[in-house]
């Protein structure tokens with residue numbers, strides 16, 4: 001059996017999920033109570049404009065052909081027209097994508113840097129100093145709203161200590177690194193809760209594995225056993241958790257971008273809600289969903305590449 | 001078939017907690033976590049129930065002589081906001097909204113999701129494929145983004161926030177319950193019940209449900225933390241409770257504008273969220289320890 005044995009089935013599943021995603025985003029627009037044209041136009045409603053909108057959205061056609069229209073446009077990379085920005089929704093979204101991507105990657109890296117040492121140490125010395133304090137710290141931080149933590153960070157580091165900027169995105173790579181440090185840290189702390197606990201549990205399980213005893217009996221130095229055998233296997237178990245929870249990072253990003261006024265997709269999403277810019281809302285939702293599905297697939301592939309057993313276990 | 005694809009962070013947290021918990025900790029210590037959590041939640045519930053007795057002013061009363069008074073000012077324990085409204089009173093009354101969401105949203109999704117998971121797991125076949133496919137589909141969206149998108153379409157309000165949560169967050173329960181049911185289905189007590197000729201409904205609700213409910217109940221506590229934070233987050237973004245109402249997230253959002261001069265406006269309501277969140281977390285941890293230990 002090949003190590004990527006279940007991948008073809010995964011791909012079929014992927015296509016079905018992608019199809020479902022388009023269905024959900026399409027039907028989102030149907031949730032608008034009453035007349036969508038009226039909701040979009042608000043006080044500037046006139047009959048001509050309403051008819052124009054009905055035509056652009058295809059609202060005057062039967063629902064299945066509306067979906068066909070939606071899908072046809074989607075394959076041409078057309079997410080509809082942003083009524084608020086008077087530009088294609090794809091253009092608007094493309095303008096806001098970079099800060100979000102930067103923030104997601106940045107906080108994912110920070111989260112790994114924070115949680116790998118803490119989680120591993122907590123697992124090695126159960127009930128020890130690190131374990132106890134991490135437990136308390138992360139119980140509290142799990143209950144903290146990300147946006148509130150962001151504000152507290154601004155209060156401490158920007159308003160009082162003047163170490164980091166209040167808001168904004170900065171210029172150049174290092175400018176981004178500097179400006180986005182607090183936002184990324186805010187998201188990373190929330191994310192770390194899950195990672196630390198998973199890595200701790202994985203470390204504890206791995207320590208009890210027979211191959212650890214074997215390695216010790218062979219006379220390998222303990223530090224080497226820890227690094228080469230325990231750590232690597234424990235981290236392997238957390239890779240899945242890590243990939244799957246990148247979805248969680250996206251939720252964090254939406255909130256934190258709004259706290260720090262970053263020009264990303266999260267702020268765009270929220271402002272589009274109040275602007276009733278439905279095509280943009282639809283587009284951002286679709287984009288995030290596709291992003292998550294791709295990350296999940298990537299996680300599966302990475303996992304199968306790292307650990308030959310994975311591909312076969314899932315098939316069973 | 002359901003796969004190992006996306007799972008919510010809270011589910012994973014729960015798994016990690018229950019895996020590592022238990023053996024080493026004594027019974028009293030386990031109970032202690034639960035008791036402290038219950039006590040904290042009790043305090044919060046009593047405080048918001050008896051808000052009129054504890055509050056020093058009406059949550060919307062304006063005190064034009066003392067705008068932005070710092071905490072520990074006489075008559076204003078936690079200070080006042082830009083209109084001179086008492087922050088402590090607003091937190092008490094706002095807690096009614098946030099706690100109502102925690103209970104209202106969580107209980108409905110707990111019951112609905114459990115029911116769906118039970119049916120999918122027990123009946124199996126095509127029903128299971130369809131229901132679990134739906135669950136996988138929902139997991140493909142970032143939870144917050146989907147909730148925001150639904151609220152965007154329905155219009156921002158507290159009720160639509162409930163609807164958005166109801167529509168989306170049953171999936172975790174369904175997934176957990178289905179997994180439990182699939183395992184239980186092959187166990188002897190279920191086989192015995194079926195051999196006795198009991199009907200499907202009776203086996204599902206009288207036999208499987210009572211024996212497997214602990215997992216979803218523990219999870220509902222973690223979920224309640226998530227819902228409290230979600231309610232506050234949506235209030236903060238202006239998509240939940242609307243401004244004059246003293247919802248905690250809306251208060252924090254309001255306070256962010258006065259961050260430079262009045263830190264307490266944003267800080268205090270957040271502490272309230274953390275307090276209630278920690279309470280639910282501790283109850284969840286305590287229940288997990290207690291119920292899992294009982295299963296061994």
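Please give the calculated 222 nm ellipticity per residue for chain A, where each DSSP H segment of at least 4 residues contributes -39500 (n - 2.57) and the sum is spread over every residue; nearest 500 deg cm²/dmol?
On the way: 15 runs with 227 residues, N = 316.
Computed ellipticity for chain A at 222 nm equals -23500 deg cm²/dmol.
Region A:164-221: Rg/Rh from Cα coordinates, Kirkwood Rh?
Details: Rg = 20.2 Å, Rh = 14.8 Å.
Computed over Cα atoms, the ratio is 1.36.
Would you mind ranking A:162, B:66 so that the residue whose beta carbon has the fewest other beta carbons within 10 Å leads the list?
Numbers: A:162 9, B:66 17.
Ordered by Cβ neighbours within 10 Å, fewest first: A:162, B:66.
Highest first, please rank the peptides A:290-298, B:133-141, A:182-190 by the mean number of other Cβ atoms sitting within 10 Å of their residues. Show your work: numbers first, answer last.
Details: A:290-298: 18.8, B:133-141: 21.3, A:182-190: 25.6.
Highest to lowest by the protection proxy: A:182-190, B:133-141, A:290-298.
Considering every pair of different Cα atoms, what Kirkwood radius, in Å, is found for region B:187-283?
On the way: mean 1/r = 0.0610 Å⁻¹.
One decimal place: 16.4 Å for the Kirkwood radius.
Stokes-Einstein at 10 °C, 1.306 mPa s, Kirkwood radius from Cα pairs: D for region A:148-302 in µm² s⁻¹?
On the way: Rh = 18.4 Å.
Answer, rounded: 86 µm²/s.
Could you give the radius of gyration (one decimal) and Dmax (whole number) of the Cα atoms in region B:158-242, in Å?
17.8, 56
Looking at the calculated P(r) for the protein assembly as shown, what percent of the C-alpha pair distances fall above 37 Å?
Values: 70453 of 186966 pairs.
Pairs farther apart than 37 Å: 38 percent.
Considering all projection directions equally, how large on average is the shadow of the alpha-carbon convex hull of chain A, in square nanometres? Kindly include the intermediate steps, with their values, before the conclusion.
Values: hull surface 86.1 nm².
Its average projected convex-hull area is 21.5 nm².
Computed over the Cα atoms of region B:114-160, what is the ratio Rg over Rh, Rh following Kirkwood?
1.15
With the calculation restricted to Cα positions, what are the radius of gyration and Dmax of chain B in angstrom?
21.9, 77
Can you give the Rg to Rh ratio of region A:180-272, both from alpha-carbon atoms, with Rh computed by the Kirkwood formula? Let's see the in-between values first.
Values: Rg = 18.9 Å, Rh = 15.5 Å.
A ratio of 1.22.
Using packing as a proxy for protection, rank A:110-118, A:194-202 so that the peptide with the highest average count of other Cβ atoms within 10 Å comes first. Show your work: numbers first, answer last.
Details: A:110-118: 19.2, A:194-202: 27.7.
Result, highest mean Cβ count within 10 Å first: A:194-202, A:110-118.
Using only the alpha carbon atoms of region A:97-219, find the Kirkwood hydrodynamic radius as the inverse mean reciprocal pair distance, in angstroms to one decimal.
On the way: mean 1/r = 0.0618 Å⁻¹.
Across region A:97-219, the inverse of the average 1/r is 16.2 Å.
For region B:67-163, state the average projected area of the convex hull of the C-alpha atoms over all orientations, rounded to one decimal in nm².
Values: hull surface 35.0 nm².
Averaged projected area of region B:67-163's Cα convex hull equals 8.8 nm².
Report the residue, chosen from A:50, A:143, A:247, that carries the largest GNM mean-square fluctuation when chain A is represented by alpha-carbon nodes joined by springs under 10 Å.
A:143
Can you pull the three principal axis extents for the Cα set of region A:222-316, in Å, largest first?
59, 33, 15
Convert 37 °C to kelvin, take the viscosity as 0.692 mPa s, use the Kirkwood radius over C-alpha pairs of region A:1-99 as Rh, and evaluate the Stokes-Einstein diffusion coefficient in µm²/s, rounded to a whole number. Walk me through the numbers on the way to the answer.
Details: Rh = 16.0 Å.
This corresponds to a translational diffusion coefficient of 205 µm²/s.
Would you mind giving the mean number of other chain beta-carbons within 10 Å of the Cβ of each residue in A:256-269, as a whole number?
Average neighbour count from other chains, rounded to a whole number: 2.
Relative contact order for chain B: what percent, with Cα pairs under 8 Å and sequence separation of 6 or more? Walk me through the numbers before you get to the answer.
On the way: 418 pairs, mean separation 80.2, N = 296.
Normalised by residue count, the contact order of chain B is 27 percent.
Output the Kirkwood hydrodynamic radius of region A:189-241, Cα pairs only, in Å rounded to one decimal. Don't jump to the answer; show the numbers that get you there.
Details: mean 1/r = 0.0868 Å⁻¹.
Hydrodynamic radius (Kirkwood, Cα pairs) of region A:189-241 is 11.5 Å.
If contacts are Cα pairs under 8 angstrom and at least 6 residues apart, what is the relative contact order of chain A in percent?
Numbers: 325 pairs, mean separation 88.7, N = 316.
Taking the mean separation of contacting Cα pairs over the length of chain A, I get 28 percent.
Over the alpha carbons of region B:241-296, what is the largest minus smallest coordinate on each principal axis, giving the biggest first in Å?
Computed over the Cα atoms, the extents are 55, 22, 9 Å.
Given 0.36 nm per residue, what is the gain on full extension from residue B:54 to residue B:108 after removing their alpha carbon distance, in nm?
Values: separation 54, 0.36 × 54 = 19.44 nm, distance 3.03 nm.
In short, 16.4 nm is gained.
Enter the per residue convex hull volume of region B:138-202, computed from alpha-carbon coordinates, in Å³ rounded to the nearest integer. The partial results should precede the final answer.
Values: hull volume 6.8 nm³, N = 65.
Dividing the Cα hull volume of region B:138-202 by its residue count gives 105 Å³.
Taking each residue in B:130-137, count the Cβ atoms of any other chain within 10 Å of its Cβ, then average. What number comes out? Spell out each step's value before the answer.
Details: counts 0, 0, 0, 4, 2, 0, 6, 9.
Average per residue, whole number: 3.
Please report A:129, B:93, A:242 as a ranked list, fewest other C-beta atoms within 10 angstrom at the top and most at the bottom.
Working: A:129 10, B:93 18, A:242 22.
Fewest to most other Cβ atoms nearby, the residues stand as A:129, B:93, A:242.
Which three lengths, in whole Å and largest first, does region B:59-123 cover when its Cα atoms are put on their principal axes?
Principal extents (largest minus smallest coordinate, Cα): 66, 18, 13 Å.
With springs only between Cα atoms under 10 Å, which of A:105, A:51, A:238 fluctuates most in a Gaussian network model of chain A?
Checking each option, the largest mean-square fluctuation is seen for A:51.
Where is the GNM fluctuation largest for chain B (alpha-carbon springs, 10 angstrom cutoff): B:92, B:154, B:234?
Most flexible of the set in this elastic network: B:154.
Restricting to Cα pairs below 8 Å that are 6+ residues apart, what does the relative contact order work out to for region A:35-99? Please round to a whole percent. Please list the in-between numbers first.
Values: 31 pairs, mean separation 9.8, N = 65.
That works out to 15 percent.
Roughly how crowded by other chains is peptide B:232-240, in terms of the mean Cβ count from those chains within 10 Å of each of its Cβ atoms?
Numbers: counts 4, 9, 2, 2, 9, 12, 5, 3, 0.
That works out to 5 on average.
Could you list B:271, B:209 in order of exposure, starting from the residue whose Cβ has the fewest other Cβ atoms within 10 Å? It would help to have the intermediate numbers written out before the result.
On the way: B:271 16, B:209 19.
Lowest to highest Cβ neighbour count: B:271, B:209.
Values in this text are rule-based calculations from the coordinates and carry no lab data. Because the structure is a prediction, the values reported are computed rather than measured. Glycine gets a Cβ as well: all are built from the backbone with ideal geometry, and neighbour counts include every protein chain shown.
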